[in-house]
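Coordinate-derived values only; no laboratory data. As the structure is a computational prediction, the values presented were derived from the model and not from experiment. Cβ placement follows ideal geometry from the backbone for every residue including glycine, while neighbour counts extend to all protein chains displayed.
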Amino acid sequence: MKRPTTWLRGKVFAALLCLVAGLLGVGMAPSTAYAATSNPNPVDWTVEKLFYDQYGHDVPLRTGQEDYNDPSDPPPLDGFGRVHIEASDGGHGAVPPSTDIQDTIGNPANCLPGADARVRCLNPETNLFVVYSPVLDPRSDDPYAFGIITAYYTLPCIAPSDGPRPTCGGTPPVPAVRTTLTYTGPRHGTNGGPLTLSAFLGDDLGIPVTGKTLHFRVGSGDGAQSCDGTTGSAGTARCTVGRLHQPTGSVTVAVSFAGDDGFKASSASSTVTPISPTKLSYTGPAHGINGSPLELSASLADYTGGPVTGRTVHFRIGSGDAAQSCDGTTSTKGDAHCTVNPLRQPPTSVPVAVSFAGDSAYEASSAAATVAVQSPTTLTYTGPARIANGKDVRLSGELDDYLGAPVTGRSVHFALGTGSTAQSCDATTDSTGTARCTIGVQGQPLNAAATVPLQASFAGDANYLKSSADASLLLQYYTGRAFGLSAQLNLPLLPPVHLPAQPDTGQVRTADATGVTPPCTAAVSAVVLDVKALCAGVRTTLGPGTATATTRVDSASIGLPGVPVIGISGLSTGATARCDGATGSTTLTALTIGGTAVTVPTAPNSTISLPGGNRLVVNEQTPVAGADHGLTVNAVHLVVAGGLGDIVIGSSTSAVHNCAE
């Protein structure tokens, strides 16, 4: 197609505009060529013909959009393109020939760009009037401009013969085009972060309006935030609020275009729901004791560090099937607390997970920590209740946790005795929680109760709390006594005789090896009694523990009134006690009564009757009361009738107590 030659712009163009003004009455006043974006008819973006304007740019004639006429809601809404031009109701009948359209829009002398971004062209040769938009419209999904809106022929500006001559000079006014703003930005924002707002500005046909400043405002009152953006080639403007700071909940977004000579002002509003990031911090204890309550705590803060109140915080301690959990609600200070009762976790460092699920106002957050869990322990002494100096003792104890389960691989300390005589050993618990160790007992002192304190102790560690057990062990000990003679006589017509035991070891009580041997007595004489060469002794030994008491008397003569003289020589006694039993013996080399030799009986507790109801007991043996094993052996015991006297020659007593062997 041949491009038209350039017309002189001044006078000729003004005359042509005068023609249009004369026909339209008010110049380019609201016309049949501009449709509102509310036209519900579909748009067909098919390019039916291509023209080019004075700059060589393609100007399409599209199928376009039909006019819309709703009688209940006037005025009619125009479309564009071929279907608008050919509309039977208010259209222009037919699309002008292509050569006329091309001659009209291709000649710069014919065309005048308007402030509304549309180009209006009038060809004075053909009186063809064409309006087109050179703006790209992304809705078309092609590389061409929006294109021809309308095209029709006009009548020339001719003065009637009988009327006033119209004014044909100057440029007719073009009214500003109505615009529509549409908010296209996000519906949600994150407080503390940037928020990019956007909006589309279109004219009454939906054509993008470019290069215009849009003002965005988020929120209201003193807390409102704003920014400005300029519409680009697609009619969209964007701007960013650098750090959103709005209350939670829905807030208003207002967008406004102030308008100018070509476009009317417009505005739009929408809502944005700000959501605030949160920070959850674990503030609970770093240690917990199994079997006891554990109060967990955390603080929930928003992006400014302020407290987030009335929100549920979930706590979980441990992992897998052993995990325990509870929930707490944040207070006015943002603190949440809850208690796991009782705590039951492996005795080690266990994870604590704290979480806030988030809601419409606050983002989810979480925190992690560890709690060092310790289990209480119980140590029970399970070893022997009796010990003996000179003998090894196998001590033992059982270490259990708070559930009664064995605690393995832990060292248990056993301390026997106190002070300078204390002895100790250490052992490690086995799979049953039992620790065993051996002490060779030496030098444990004998107290009045014959007990030795024992303490078993577990020092505790990172996993288990310390515990101890106290016991009082019975100490094996020995008693004994030996003396040569004792006499108590209250005979008529004779002075009383009171001879204490002599020589006498006294009462021996010991847990160690010892010997007590008082000096022998050469002779004792008292009215009716004459005894010579008396000796006595008690000795104890260990391993095995043995107590032995012995006496020896060379000779004795007893002459009671009315009783034949009793003669004794070569007397000895012995009493031995061990944990396996006690034994005793008596030996007399000679026994005479009234000068006549008597066969010495050997059986224990042998009794010889004497005149006057008196009696002589040979090898008298009686158990020691309260002893595990013990025996008293009296070689000769003269019992005077009527309770008038008692003579014992050669007495030995030995006993063992608290046998541990």
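Each part reduced to its alpha carbon centroid, region 422-472 and region 42-58 end up 105 Å apart. Net charge of the neighbourhood of residue 376, taken over other residues with C-beta under 14 Å away and scored Lys/Arg +1, Asp/Glu -1, is 0. For region 208-215, putting each phi into the Karplus relation 6.51 cos²θ - 1.76 cosθ + 1.60 with θ = phi - 60° gives couplings of x, 9, 9, x, 10, 8, 10, 9 Hz, in residue order, rounded to whole numbers and with x for Gly and Pro. Beyond 19 Å, what percent of the Cα pairs of region 377-475 remain? So the pairs more than 19 Å apart make up 37 percent of the total in region 377-475. With all pairs of separate Cα atoms included, region 557-600 yields a Kirkwood hydrodynamic radius of 12.2 Å. For region 633-647, putting each phi into the Karplus relation 6.51 cos²θ - 1.76 cosθ + 1.60 with θ = phi - 60° gives couplings of 10, 9, 5, 9, 10, 9, 10, 7, 4, x, x, 8, x, 7, 10 Hz, in residue order, rounded to whole numbers and with x for Gly and Pro. Across the chain, the mean sequence separation of Cα contacts (distance under 8 Å, 6 or more residues apart), normalised by length, yields a relative contact order of 7 percent. Residues of region 347-362 with the amide nitrogen closer than 19 Å to a label point 7 Å from the Cα of residue 248, along Cα-to-Cβ, please. Residues passing the 19 Å test: 354-362. Counting every C-alpha pair in region 480-557, the share spaced more than 21 angstrom apart comes to 38%.
Between residue 507 and residue 392, residue separation times 0.36 nm minus the direct Cα-Cα distance comes to 38.6 nm.
Expected output is a single nm value to one decimal: the length gained when fully extending between residue 530 and residue 493, i.e. 0.36 nm times separation in residues minus the C-alpha distance. What is it?
Net length gain for the segment: 11.4 nm.
Among 261, 137, the order by Cβ neighbours within 10 angstrom, fewest to most, reads 261, 137.
Across the alpha-carbon atoms of the chain, the computed radius of gyration and Dmax are 63.6, 204 angstrom. Scaled against 2.2 N^0.38 Å for its residue count N, the alpha carbon radius of gyration of region 169-228 is 1.58. Quick one: if the Förster radius is 35 Å, what FRET efficiency do residue 319 and residue 411 give, using the C-beta to C-beta distance and rounding to 0.05? Working from the Cβ atoms, E equals 0.75. Note on region 328-403 and region 605-661: Cα centroid distance 67 Å, given to the nearest whole angstrom. The simple Förster model, with R0 at 35 Å and r as the Cβ-Cβ distance, assigns residue 359 and residue 184 a FRET efficiency of 0.85.
Model label points for residue 372 and residue 292, set 7 angstrom from Cα along the Cα-to-Cβ axis, are 1.5 nm apart. If you wrap region 180-275 in the convex hull of its Cα atoms and look at it from every side, the mean projected area works out to 5.6 nm².
Quick check: the angle from helix 10-24's long axis to the longest principal axis of the chain, C-alpha only, nearest 10 degrees? Compared with the principal axis, the helix lies near 80 degrees.
Evaluated over the chain, the count of Lys pairs having alpha-carbon atoms less than 25 Å apart is 4 (only pairs 8 or more residues apart or interchain).
Can you give me the Cα centroid spacing of region 257-283 and region 284-314 in angstrom? First find each Cα centre; the distance between them is then 35 Å. The distance between label points at residue 432 and residue 349 comes to 3.6 nm (points 7 Å beyond Cα on the Cα→Cβ vector). If we count every other residue with Cβ under 13 angstrom of residue 660's Cβ, Lys/Arg +1 and Asp/Glu -1, where does the sum land? Residues close to residue 660 contribute a combined charge of 0.
For a modelled paramagnetic label at residue 606, 7 Å from Cα along Cα-to-Cβ, the residues of region 622-652 in reach, with backbone nitrogen under 18 Å, are 622, 633-639, 649-652.
Starting from 0.36 nm per residue, how many nanometres of slack lie between residue 58 and residue 141 once their C-alpha separation is accounted for?
Residue separation times 0.36 nm, minus the Cα-Cα distance, leaves 28.4 nm.
Fewest neighbouring Cβ atoms within 10 Å first, the residues 230, 182 line up as 230, 182.
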